[in-house]
Structure formats: C-alpha cells, structure tokens
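Enquirer: Quick one: this structure, given as structure tokens, is what I'll be asking you about.
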Amino acid sequence: MPAVVPAQAPVPPPAPAPIKAEPAAPVSPPTPSAATTIDGPSPSTDSSVSVSAPSAAPIPVPAVVPPLLDFQVALERHRFSCGFIDGTDGDRSTKALRAYQESRGLPVTGVADAATWQALQGEGASTPLTTYTVTPEDVAAVVPVPHGWKEKAAAPTMGYTAIWDLLGEKFHAKRSFLIALNPGQPSPQAGAVLRVPALRPFAPTPSAAKVRIRLAERSIDVLDTTGKVVAHFPCSIAKDKEKRPSGSLAVKVIAVHPNYTFDPKLFADAAKAEGITGRLIIPPGPRNPVGAVWIGLSLPTYGIHGTPEPENVSRTQSHGCFRLANWNAEALAKMVRIGTPIDVEP
C-alpha cells in the first residue's frame, strides 16, 4: 500500500503553455491534503475542443486500413487510451481497441480493422500528426532531478526532469517515439518546431455512472448510465495479490496536485540508508510519487492515482493502489464525483 498522507499542498508546479498546433502532412495512503479537490465532473475549459457534426451520408468502409498510429491518436481523442502513443502494436493497444469496439457495438476483435476505422472516421478521425512550437513555459517546467527522499522533500516542486519528459506527457506519447519523429533535436529549446500527435480536439468529457476495474485486464473502464463503456485506461495493480481489493467501493475524495508523505516505517531500508527518522512531505508535481491526481477510495489508504513513470503503467506493479498515466488520472478525475461507485472485478 502507498505511503501517501498528503499535507498542506504548496503552490502547484508551473503548467506548460497551451498548445498552438498547426496541421502537418501525415506520415505512413494518502489522505489528500488541502490540495485542490473536485466534487464532480469538471467541464472542459479548452476553447479549442470541438466536435464534428455527424455526416449526412454514411462513411464508406475504407479500402485501405491506415497505420496503427492513426488508430492510437483517434482512440486517445475519445479517452480510449493505449497507455501512450508510439505507433507500435502491443497488449495495451489491443485492449483499447477491444474496449472501443465493445462501446460502439462492433465485432470485438482487438484488431485495427476497417470497420473500426470507419467508426473512428465517423467520429472525426483525421491526420495523426501536427506541429508544435516549444514555449519558454515548457522549458521553465523542467527542473533539476532530486536524488533521495531528503532532496525530494527540500525541492520546491517535483517537476519534469527533461524537455522530452514534458512533451511525452503533453502529447500522451512515448519519449523515444517523439525523439524519432524529430531527429537532430536532442534537447529542443523554446522556439523549436516539432512533429507531435494531433490530439486536439478531444471528444466531450463523459460523466461516469460507474467505474469498473478489471484486475486480470489491468484496466479501468468508465461506464455511463446505460452500462456503455465511455472511456478506457490501462492501469497498474498491486504486486501482492493479498493487497488487491475486490468488490464494491466508491470515490471518497479527489485531489489535484497532491502532496506525498514519506513514512520511514513503510520504507525502512530507504529511511535507514538516508538516516531519516521522521516523516517527510514531498511537494506536488507531475513527478511526485502519486503523480498529478489522487482519487481516494472508500477502502482506507487505497486510491487511483497518477505516476512519475507513465511508460511503466500496467507493466510494473504497485504496492496496492491503482496507478494511471497522469493524463489519464486527470481525465478520470473530471469524469467521477464523490460517491461514484467503483466495482473491482477479478
């Protein structure tokens, strides 16, 4: 179980500037502290978000199915996440495809097929890549890496450790994938123009009637009042099977930019190595041990939260909580409210 007991939250880390992208050619446990809380879904404040009106004529089944990258970007816009965008096939992409296919009444194959692409086109799928200009605010959000718990506690914020770290999170993409898209730019500075996934506009944020966690699938599904899956996220679960909760739970509290409390009783080896005898408060930030969001559950000390290592979600295991990439934890926090039921299935 996590050792998160957030205390008074300092000012959140500087947020990167809004995205100003132009199209490019396609390519073949805690208890949260006084941190900001949310009591119910938050409407989107992104003025760039728009939804295409349904076409009067049906979209024809495409003769040629596009690369998987096109599917990953289109699915991400609708909150059916493959974890991170990288253009390569894998277990998480298969699960995202299956969840979307189930949601849209398509044959559930987990394959990036013509019928699925036809459905995505009908919901506004377009070119998967665009361009983005790095801003001074992006560069300012990169901070020195603290080593050890004492240094982390003394840091003003747990910010991004490199510019590609920030850009990977901003565009829900694997860092190595972004670097490969932009050869010759090992450390982009303000003003650099990069090729990135075209995530905007996102579909409207759905409201969760229920959240379903499937342990065997290592996934979290958001369901509406009809039982339809309206969002899907891969997650990490507890390594110790005895620490995996089951049955019916509920959302107890939601905190954005939470603190993290290091408890030497729970991390005895690390505490001994650094000579730590009391609790330490780790400041908020995307690289805080619980990431950007904490969603506390009705089972004491358990929650759904972000992570400082988004590329490891569903690959590594947690101490007991359910771990999401920060962008997915932030999306989920806008879909749920206090009291939203959580069903944990085997």
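The values are calculated or read from the model by the stated rules, or taken from the named source; none is laboratory data. Since the structure is predicted, the reported quantities are computational estimates derived from the model, not experimental observations. Glycine gets a Cβ as well: all are built from the backbone with ideal geometry, and neighbour counts include every protein chain shown. Note: areas computed on protein heavy atoms with side chains; ligands, DNA, RNA excluded. Shrake-Rupley method; radii C 1.70, N 1.55, O 1.52, S 1.80 Å.
Enquirer: Looking at segment 88-111, which of its residues are open to solvent by 30 Å² or more (accessible area, probe 1.4 Å), under 22 Å from Val64 (Cβ atoms) and either part of a loop (DSSP other than H, G, I, E, B) or among the small types (Gly, Ala, Ser) (or both)?
Expert: Residues satisfying the conditions are Thr88, Asp89, Arg104, Leu106, Pro107, Thr109, Val111.
Enquirer: I need a count of the residues in segment 309-340 that are over 11 Å from the mean Cα position of the chain (by Cα) and open to solvent by less than 50 Å² (accessible area, probe 1.4 Å).
Expert: To start, the set of residues in segment 309-340 that are over 11 Å from the mean Cα position of the chain (by Cα) comprises 312, 314-322, 334-340.
From what is left, the residues that are open to solvent by less than 50 Å² (accessible area, probe 1.4 Å) are 314, 318, 320-322, 335-336, 339-340.
Looking only at that region, the number is 9.
Enquirer: How many residues does segment 66-120 hold that are β-branched (Val, Ile, Thr) and closer than 25 Å to Met335 by Cβ? Show your work before the answer.
Expert: Start the filter on segment 66-120 by keeping residues that are β-branched (Val, Ile, Thr), which leaves 73, 85, 88, 94, 108-109, 111, 116.
Right, trim to closer than 25 Å to Met335 by Cβ and you get 73, 85, 94, 108, 116.
Result for segment 66-120: 5.
Enquirer: For segment 229-276, which fully contained strands (runs of 3 or more DSSP E) count at least 3 residues that are small (Gly, Ala, Ser) and out of contact with any helix residue (DSSP H, G or I) (no Cβ under 8 Å at 6 or more places or on another chain)?
Expert: Details: elements: 229-234, 247-256, 260-262.
In segment 229-276, 247-256 are the strands (runs of 3 or more DSSP E) which contain 3 or more residues that are small (Gly, Ala, Ser) and out of contact with any helix residue (DSSP H, G or I) (no Cβ under 8 Å at 6 or more places or on another chain).
Enquirer: Testing Val293 on (1) over 19 Å from Ile237 (Cα atoms); (2) in contact with an Asp or Glu (Cβ under 6 Å, 6 or more places away or on another chain), one condition comes back false. Which one is that?
Expert: Checking Val293 against (1) over 19 Å from Ile237 (Cα atoms); (2) in contact with an Asp or Glu (Cβ under 6 Å, 6 or more places away or on another chain), the one that fails is (1).
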